[in-house]
Amino acid sequence: MRPLNETDIRASFVNCSKGEAKRLAVPRDLAERPWPDLDFLGWRDPGALDRAYLVAPWPATGGGEDGVVGVTLRLAAQQRGFLHRNMCSLCLTTHGGNGVSLMTGRRAGEAGRRGDSVGAYICTDLACSLYVRGRKTPDTGTRLKETLTVEEQVERTRDKLAGFLTRLL
């Protein structure tokens, strides 16, 4: 993923108002992010722990230059025990406890204004790209042993992310 700045990020959001995009908390450590290892930029709102944000590369329509698309997400309330395990629907990493959360996003456009939303179980820390590449290991979970190469796993994660974003758009 190409490095993004705050202006790029705020302009990318499609399922919230411009005012909401202007007020949301953007990470302060953008320069330190491992951009070559990221398939998307994801972060939690430190002031509202039930909110998360995801910005991903997105193909342009009409033959223009490819850009990025951003979505706001809400995390479902979590009350799972330490022994409970869930799997991320994007990167297929399993986590114990609250390491995977149901994240829902309001659909873009008229559907979202009617209250329609789409959800997926995603790593709570939104570090899917790093788990797939072996740059980070889950605290209380595991990565399944797979016969796919890392490149194939990365492609699968990107495809699953694109499917989720397509449903939101």
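The numbers here are math on the coordinates, done by the rules we state, and not lab data. It should be emphasised that the depicted structure is a prediction, and the values quoted were computed from it without experimental measurement. Note that each Cβ is placed from the backbone with ideal geometry, even for glycine, and that neighbours are counted across all protein chains shown.
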Across every pair of different alpha-carbon atoms, what Kirkwood hydrodynamic radius in Å does segment 92-156 reach? 13.4 Å
Give me the one-decimal nm value for the distance between modelled label points at D45 and D139, 7 Å along each residue's Cα-to-Cβ direction. 2.2 nm
Any number yet on Rg/Rh for the chain, C-alpha, Kirkwood? 0.95
Going highest first, how would you order 20-28, 84-92 by mean Cβ packing within 10 Å? 84-92, 20-28
Pop a pseudo-label 7 angstrom from the Cα along the beta-carbon direction at both K18 and E32 and give the gap in nm to one decimal. 3.3 nm
For W35, W43, W58, order by how many other beta-carbon atoms lie within 10 Å, fewest first: W35, W58, W43
Provide the gained length on full extension for the span T7 to R114, in nm with one decimal, where the gain is 0.36 nm per separating residue minus the Cα-Cα distance. 35.7 nm
For segment 115-154, listing trypsin sites (Lys or Arg not before Pro) in a DSSP loop whose Cβ sees at most 16 other Cβ atoms within 10 Å gives R135, K145
